[in-house]
């Protein structure tokens, strides 16, 4: 079991290391050279570690369901531990427990935060904070692409362990191809939202961060007021992608081939019913604190989708 966990870590860690690149580049942009160079060292050392492990430790080809669940659980702990390193390398004034809390909240897309003054934190670190949520939202994709091909047929049990819900839908005959398709959908939606938010008036930095945390349904923001002071157009865009993020990516992918399959899906119909009905419950309250009916509907939808997703 230990060999499996070490091998999985050596496969997943390079993905995390590559995800440090936006944070690293922004560190150079902010002229925080010590932090940026520290991330470069972390990235290189991670790749060397993973290369040595994968060269000297062969994966176990038979992975039982119990081992799959165990490997996923322990891997998430190791991933969270790795995620604390960018915080520790920064000048943020937090205890290790607080850093671990923030990191786990990100990777699990929980959305809870101990940061009281978010805007005082360096922009490069906040990009990493948002990235942890984005990676957490596509956890099944990361694990599938990096690990399953290395574990052979036994990796199917790892896929089942990491997939939410009673079953893991397969879009293609090969799990790796399925994961890649889901990754394309996830990344494409993130890019689309970033562009739309940018043209709605947000800075590229703010648009990117909010897109990363919207699609993952985590909700981290880089603003102390979150979306409260954003223009209505930006809020509607975020609401749209919050709604999309609550739909199974399998259904979204299938809808590209046949939109009818999405409309006729019982899962989608029930989801739509829950969103509309819960929003109607909130509207009387939002009307009392809003200047227009449209603003009240906006607030009601945002609140209900925040709770549902």
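The values are calculated or read from the model by the stated rules, or taken from the named source; none is laboratory data. What you are looking at is a predicted structure, and each value in this text was computed from that prediction instead of being measured. Note that each Cβ is placed from the backbone with ideal geometry, even for glycine, and that neighbours are counted across all protein chains shown.
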(request) Can you tell me which residue within segment 98-114, out of those that are touching a helix residue (DSSP H, G or I) at 6+ places or on another chain (Cβ under 7 Å) and within 13 Å of residue 219 (Cβ to Cβ), is surrounded by the most Cβ atoms within 10 Å (Cβ to Cβ)? (result) 106
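Quick one: is residue 90 crowded, with 21+ Cβ neighbours inside 10 Å and over 21 Å from residue 207 (Cα atoms)? Let's see the steps before the verdict.
Working: crowded, with 21+ Cβ neighbours inside 10 Å: yes; over 21 Å from residue 207 (Cα atoms): yes.
Judged against the criteria, residue 90 is a match.
Sort out which residues of segment 82-104 are in contact (Cβ under 8 Å) with a residue 24 or more places away in the chain and within 19 Å of the chain's Cα centre (by Cα), and write them in order of number.
First, the residues of segment 82-104 that are in contact (Cβ under 8 Å) with a residue 24 or more places away in the chain: 82-83, 85-87, 89-92, 102-104.
Listed by number, the residues that qualify are 82, 83, 85, 86, 87, 102, 103, 104.
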(message) Tell me which helices (runs of 4 or more DSSP H) are completely within segment 1-81 and hold 2 or more residues being more than 25 Å from the chain's Cα centre (by Cα), at pLDDT 85 or above and surrounded by fewer than 18 Cβ atoms within 10 Å (Cβ to Cβ), or say none if there are none.
(response) 33-56
(message) So residue 195 ticks every box in (1) free of Cβ contacts under 8 Å to residues at least 60 places away in the same chain; (2) over 13 Å from the mean Cα position of the chain (by Cα); (3) under 21 Å from residue 139 (Cβ atoms) but one. Which box is left unticked?
(response) (3)
(request) Return only the number of the condition from (1) within 18 Å of the chain's Cα centre (by Cα); (2) more than 28 Å from residue 127 (Cβ to Cβ); (3) surrounded by fewer than 17 Cβ atoms within 10 Å (Cβ to Cβ) that residue 187 does not satisfy. (result) (2)
(request) Any chance you could count how many residues in segment 198-220 are surrounded by fewer than 21 Cβ atoms within 10 Å (Cβ to Cβ), touching a residue at least 40 places away in the same chain (Cβ under 8 Å) and closer than 17 Å to residue 23 by Cβ? (result) 1
(message) Restricting to segment 105-122, name every residue that is assigned to a helix (DSSP H, G or I) and under 18 Å from the mean Cα position of the chain (by Cα).
(response) 105, 106, 107
(request) Sort out which residues of segment 243-281 are modelled with pLDDT of 85 or more, more than 18 Å from residue 217 (Cα to Cα) and surrounded by 15 or more Cβ atoms within 10 Å (Cβ to Cβ), and write them in order of number. (result) 265
(message) Among (1) part of a helix (DSSP H, G or I); (2) touching a helix residue (DSSP H, G or I) at 6+ places or on another chain (Cβ under 9 Å), there is one condition residue 224 misses while meeting the rest; what is its number?
(response) (1)
(request) Please enumerate the residues belonging to segment 223-240 that are within 18 Å of the chain's Cα centre (by Cα) and either farther than 15 Å from residue 208 by Cβ or modelled with pLDDT under 95 (or both). (result) 226, 239, 240
(request) Please state which of the following conditions residue 229 fails to meet, knowing it meets all the rest: (1) farther than 18 Å from residue 198 by Cα; (2) in a loop (DSSP other than H, G, I, E, B); (3) out of contact with any helix residue (DSSP H, G or I) (no Cβ under 7 Å at 6 or more places or on another chain). (result) (1)
(request) Go through (1) within 22 Å of residue 22 (Cα to Cα); (2) at pLDDT below 95; (3) crowded, with 23+ Cβ neighbours inside 10 Å one by one and return the number of the condition residue 121 breaks. (result) (3)
(request) Please find, among 301, 305, 251, the residue that is without any contact (Cβ under 8 Å) to a residue 60 or more places away in the chain and assigned to a helix (DSSP H, G or I). (result) 251
